[in-house]
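To start, the structure under review is shown below, and the notes come after it.
The values are calculated or read from the model by the stated rules, or taken from the named source; none is laboratory data. All values reported here derive from a predicted model rather than from experimental measurement. All Cβ positions, glycine included, derive from the backbone under ideal geometry; neighbour counts span all protein chains shown.
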Amino acid sequence: MAKEIPAKNPNEMSFFEHIEELRWHLFRAAIAVLVVTIVVFLLKDFVFQQVILGPTTPDFITYQLICDYIPNVCFYPQHLQIITRDIQEQFISHLKVSLWLGFIVSFPYILYELWRFIKPGLYKKEIKAARGMVFICSFLFLSGVSFGYFVIAPIAITFLSTYSVSPDIANTTTLDALVNSITMFTLPVGLIFETPVVLYFLAKIGLISSAFLIEYRKHAAVVIVIVAAVITPGPDVFSQMLVAIPLFLLYTVSIIVVKRIDKERAAKEAAEAASGAEPDND
């Protein structure tokens, strides 16, 4: 007698159906980026005068707060001239800024679309474990971008604009260089702030543990100081510590998160051992 073949689950999708579904999620995410990019492009005066050129002026909020509350370390850029060398530079910079801001503002929606694609393939316990992940990832990314913009960018721009090897040499910068610098001070920092989420998933699949993170905490501190020195051009310890402390706090938060995962895994293994069940490594 021939073995009966179980009927196909009507909710199960083929490989190409998954690709088609992913394509539509990415398409909606791209449309969101495009819409925000167009809005930012139309707000040219505000975006460049207040956002891009903001850290180059003494009345920027970071300089005002530091000079008001910590007058001993008051600083701000002085006489920084911004020029263009090519006729198309302003237009290209305008497009570049609009695209990057479109991506940053749309980042939560991009994560939401990716979550909608991944969610149907997860078990209930996995969905429960990942609850709020879109909000957490968005919050960490936008916090990193804000930290880079309001802390790292003012420090870096002030140092670079006031540094001089000769009084006969005037400090100038191109608009393109300024846009690239602010991009470097914000987007990479936003991604670095996702460290707790990355370590969370590495812990969930069993690649790392809290004991591992604690053992290598000193090594991580050295790496963090090096990263702070790289993204902060200023040679003073104050500037580097201002960047390094939040990064080290993120690492500490990651240890706390991974400790919780270790406890849950230990409790699960103990329960399975008590019931005589085969351990389930998920």
All-but-one check, V237 against (1) among the β-branched types (V, I, T); (2) within 27 Å of I157 (Cα to Cα); (3) touching a helix residue (DSSP H, G or I) at 6+ places or on another chain (Cβ under 9 Å), failing number (3)
Return yes or no: is S98 in a helix (DSSP H, G or I), hydroxyl-bearing (S, T, Y) and closer than 19 Å to A153 by Cα?
yes
Taking T174, is it at pLDDT 90 or above, more than 27 Å from R260 (Cβ to Cβ) and surrounded by fewer than 16 Cβ atoms within 10 Å (Cβ to Cβ)?
yes
How many residues does the range 18-55 contain that are at pLDDT below 95, in contact with a helix residue (DSSP H, G or I) (Cβ under 6 Å, 6 or more places away or on another chain) and either farther than 21 Å from V105 by Cα or among the aromatic types (F, W, Y) (or both)?
1
For the range 25-68, what are the residues that are assigned to a helix (DSSP H, G or I), in contact (Cβ under 8 Å) with a residue 40 or more places away in the chain and of a type in the set (F, W, Y)?
F41, F48, Y63
Residue pairs, Cβ under 6 Å, 6 or more apart or interchain, first in the range 236-250 and at pLDDT 85 or above, second part of a helix (DSSP H, G or I) and of a type in the set (S, T, N, Q). List them.
L250/T195
Filtering the range 152-171 down to residues that are of a type in the set (A, V, I, L, M) and surrounded by 19 or more Cβ atoms within 10 Å (Cβ to Cβ) yields I152, A153, I155, A156, I157
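For the range 164-200, name all the residues that are without any contact (Cβ under 8 Å) to a residue 12 or more places away in the chain and within 17 Å of I82 (Cβ to Cβ).
Those that are without any contact (Cβ under 8 Å) to a residue 12 or more places away in the chain and within 17 Å of I82 (Cβ to Cβ): I169, A177, N180.
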Pairs needed: first member in the range 205-224, under 14 Å from A244 (Cα atoms); second member anywhere, of a type in the set (G, A, S) and not in a loop (DSSP other than H, G, I, E, B); C-beta distance under 6 Å; at least 6 residues apart or different chains.
I224/A244
